[in-house]
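Accompanying notes for the structure given below.
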Amino acid sequence: MDVNSPAAPAKPRISVIGTGYLGTTHAVCMAELGYDVIGLDVDAAKLDLLRAGTVPFFEPGLPELLTKVQGGGRLRFTDSYAEIAQFADVHFVCVGTPQRKGELAADLQYVEAAFSSLAPHLDRKVLVVGKSTVPAGTAVRMEQLLASQAPCKDVELAWNPEFLREGFAVQDTLHPDRLVLGVRTEWAEQQLRAVFAPMIESGTPVVLTDFATAELVKVAANSFLATKISFINAMAEVCEATGADVTKLAEAIGHDARIGRRFLNAGLGFGGGCLPKDIRAFIARAQELGVDQAVSFLHEVDAINLRRRARVVDLGQELLDGSWTDRRVAVLGAAFKPDSDDIRDSPALDVAAAIGRRGANVLVYDPQALDNARQLYPDLQYAASAEDAVRDADLVMLLTEWREFRDMSPERIGTLVRRRNIVDGRNVLDPAQWRAAGWVYRALGRQ
Ligand code: UGA
C-alpha cells in the first residue's frame with residue numbers, strides 16, 4: 001500500500017450521487033448499516049420529497065427504512081457538489097444510463113455530468129466509485145477525467161456494479177449475492193472493504209477485478225438473464241406449434257441444477273429500465289470493439305422478446321373474433337413487473353397502446369404504476385380498481401403478474417365482464433380453474 005495514503009477509516013463517510021431506484025436504495029441501506037451518508041441529486045422536487053421522508057417511487061420496505069435512518073440522523077440530502085466533496089471519503093456515482101434516442105448505445109451524459117461536477121471539488125484523496133451500468137471502457141475515461149479535473153492528483157476510482165432487482169431492492173442491497181470490486185490499488189480495495197464491511201463479515205463473496213471486468217460483469221449478468229427469458233419464450237413458440245406446455249417444460253428442465261428454474265417464466269417477456277437497454281448497449285459497444293459477432297445472438301434475444309408483445313396482441317384479437325374496434329378491453333398491469341411502479345419499456349403498456357391504436361376501448365389498472373402510466377400514455381384510459389377495469393369488458397388481459405391479479409376469482413370476475421375471455425400474458429393463472437368457470441382462456445406457450 002502507498003505509505004502516504006490515509007488508511008481506510010473504520011466507517012468511511014459516504015456520498016451517493018443520483019437518487020433514483022439505485023441511488024436512493026444504496027444511500028438508505030448504507031445509512032441503515034451505520035454509515036453517515038449524504039445523497040445528492042440535481043432534481044429539486046425529488047430532494048424535497050426525500051427530505052420530507054417520502055421515497056419518490058414504489059419499492060417495498062424502503063419508505064420505512066428511509067424514515068428510520070433519517071430519524072437516526074445518518075442520512076441527509078443536498079444538491080451541492082461542494083458539500084458532498086467536503087463531507088465524504090467515498091463517493092458512489094449511481095446516475096442512470098438510459099438508451100440513447102434512436103440508437104442502441106447507452107447515453108452516458110449523466111455519468112459524465114456527475115464526474116465533471118464532482119471532480120473540481122476533490123481537494124483531498126478520496127475514492128470515487130462508479131455503480132452505474134456502463135459500456136466497457138467508461139471507467140478508464142472517468143479515471144482520466146478525475147486526473148485532469150480534480151485539484152488533488154491522488155483521487156482514485158473504483159467500479160462496483162450493482163445487481164439489485166426492483167421490488168427486492170432493500171433485500172438485494174443489504175444481502176447481495178456477491179460484491180464485485182473493480183480496483184486498481186490495494187488502497188481502493190481497502191476503502192471498499194471498509195464500506196462493505198458488514199456484508200463481507202456476514203460471508204458475502206467478494207470478486208476483485210480490474211475495471212473492464214467489473215463493467216462487463218454487469219452487462220454479462222443482465223445479458224444472461226435476458227437470454228434465459230428469451231430462451232424459454234422461444235420454447236413457448238415451439239410449444240404452441242406442437243401442443244406442448246411451456247410451464248411444464250420449464251418446471252422439468254428447471255429441476256436440473258445446471259439450468260435452474262428461475263428466470264424461466266415464459267410470457268410477455270422482459271421490460272424495465274435495465275435488461276432491454278443493457279443488451280442493446282452491449283451490442284453497440286461490441287460493434288465498436290470489433291467483436292459484434294460474439295454477441296450477435298443478443299439481437300435474437302431482443303427480437304424474441306419483442307415478438308411476445310405482438311403475439312399477445314394476436315391472441316387477444318383471436319378471442320375478439322378478429323376485430324378490436326370498439327371492444328372493451330381490461331388491461332391488468334402497467335408496471336414492467338409486479339411490486340414496482342416502474343413503467344420504463346413496460347411490455348404491458350406497450351401492448352395496451354398497440355390495441356388502443358387498433359381501435360379498442362382500453363381500460364388499464366395497476367396497483368402502483370397508474371400515475372407514471374398516465375404521464376407517459378395520456379391517451380389510454382385508466383381504472384381505479386381491477387373490478388372497475390373489467391366491468392363490461394369483452395376481453396381481460398393479465399399483463400403484469402401482481403399478486404391481486406393472480407388471486408382473482410374467475411367466478412367473481414366473471415359476473416362483472418360482458419364476455420368471459422382472458423389472455424394470461426404471464427402464465428400465472430390456473431387454466432383448468434378459469435375454464436371451469438366458463439372462461440375462454442389463452443396464454444403463451446400452452447393450450
Ligand atoms: C434486472 C436484474 O435482474 C438485476 O440483477 C439488475 O441489477 C437490474 O436489472 C439492473 O440492471 O439494475 P430488474 O430490471 O429490476 O432487474 O427486473 P427483473 O426481475 O430482472 O425482471 C426484468 C423483466 O424480466 C421483467 O419485465 C420481468 O417481468 C421479466 N421476466 C423475469 C420474465 O419475463 N420472465 C422471468 O422468468 C423473469
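Summary table below
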| quantity | calculated |
| --- | --- |
| Residue within the range 328-348 that is away from the ligand (no atom under 13 Å from the Cβ), buried (at least 20 other Cβ atoms within 10 Å of the Cβ) and small (Gly, Ala, Ser) present | yes |
| Residue in the range 130-138 that is away from the ligand (no atom under 16 Å from the Cβ), crowded, with 22+ Cβ neighbours inside 10 Å, within 15 Å of Val93 (Cβ to Cβ) and among the aliphatic types (A, V, I, L, M) present | no |
| Single residue of the range 353-380 satisfying the filter (crowded, with 20+ Cβ neighbours inside 10 Å and within 17 Å of Arg391 (Cβ to Cβ)) that is nearest to the ligand (Cβ to nearest atom) | Asp366 |
| Residue check, Gly290 of a type in the set (Gly, Ala, Ser), within 13 Å of the ligand (Cβ to nearest atom) and either under 17 Å from the mean Cα position of the chain (by Cα) or surrounded by fewer than 20 Cβ atoms within 10 Å (Cβ to Cβ) (or both) | no |
| Filtered residue count, the range 406-436, keeping only those that are farther than 22 Å from Gln317 by Cβ and basic (Lys, Arg) | 2 |
| From the options Gly96, Gly20, Gly39, residue that is outside the structural domain of Ala284 (by TED's automatic domain parsing), in contact with a Phe, Trp or Tyr (Cβ under 6 Å, 6 or more places away or on another chain), surrounded by fewer than 22 Cβ atoms within 10 Å (Cβ to Cβ) and closer than 21 Å to Lys131 by Cα | Gly96 |
| Residue list for the range 304-332, restricted to those being assigned to a loop (DSSP other than H, G, I, E, B) and touching a residue at least 40 places away in the same chain (Cβ under 8 Å) | Leu320, Arg327 |
| Qualifying residue in the range 259-275 (condition: in a helix (DSSP H, G or I), out of contact with any Asp or Glu (no Cβ under 7 Å at 6 or more places or on another chain) and within 19 Å of Ala106 (Cα to Cα)) | yes |
| Only listed residue being away from the ligand (no atom under 16 Å from the Cβ) and either in contact with an Asp or Glu (Cβ under 6 Å, 6 or more places away or on another chain) or β-branched (Val, Ile, Thr) (or both), chosen from Ala188, Ala150 | Ala188 |
| Residues satisfying the stated conditions in the range 290-333, i.e. more than 21 Å from Gly269 (Cα to Cα) and charged (D, E, K, R) | Asp292, Asp321, Asp326, Arg327, Arg328 |
| Test: residue in the range 218-239 that is in contact with a helix residue (DSSP H, G or I) (Cβ under 9 Å, 6 or more places away or on another chain) and in a loop (DSSP other than H, G, I, E, B) | no |
| Test set (1) touching a residue at least 12 places away in the same chain (Cβ under 8 Å); (2) away from the ligand (no atom under 16 Å from the Cβ) - Val238 fails condition number | (1) |
| Any hit, the range 69-85, residues being modelled with pLDDT of 95 or more and under 17 Å from Ala169 (Cα atoms) | yes |
| Positions within the range 409-427 being surrounded by fewer than 18 Cβ atoms within 10 Å (Cβ to Cβ) and in a loop (DSSP other than H, G, I, E, B), in sequence order | Ser409, Thr415, Leu416, Arg418, Arg419 |
| Residue within the range 254-269 that is in contact (Cβ under 8 Å) with a residue 24 or more places away in the chain and more than 20 Å from Glu166 (Cβ to Cβ) present | yes |
| Selected residue (only one of Thr54, Thr25, Thr67 is outside the structural domain of Asp341 (by TED's automatic domain parsing), touching a residue at least 60 places away in the same chain (Cβ under 8 Å) and of a type in the set (Ser, Thr, Tyr)) | Thr25 |
| Count of residues meeting criterion [within 18 Å of Ala354 (Cβ to Cβ) and acidic (Asp, Glu)] in the range 369-420 | 2 |
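Results for (1) within 16 Å of the ligand (Cβ to nearest atom); (2) under 25 Å from the mean Cα position of the chain (by Cα); (3) among the aliphatic types (A, V, I, L, M), shown as yes or no for each residue.
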| residue | (1), (2), (3) |
| --- | --- |
| Gly243 | no, no, no |
| Arg262 | yes, yes, no |
| Gly271 | yes, yes, no |
| Ala284 | no, yes, yes |
| Phe297 | no, yes, no |
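The values are calculated or read from the model by the stated rules, or taken from the named source; none is laboratory data. Because the structure is predicted, anything quoted here is derived from the model rather than measured. So basically every Cβ, Gly included, is an ideal-geometry build from the backbone, and we count neighbours across all protein chains shown.
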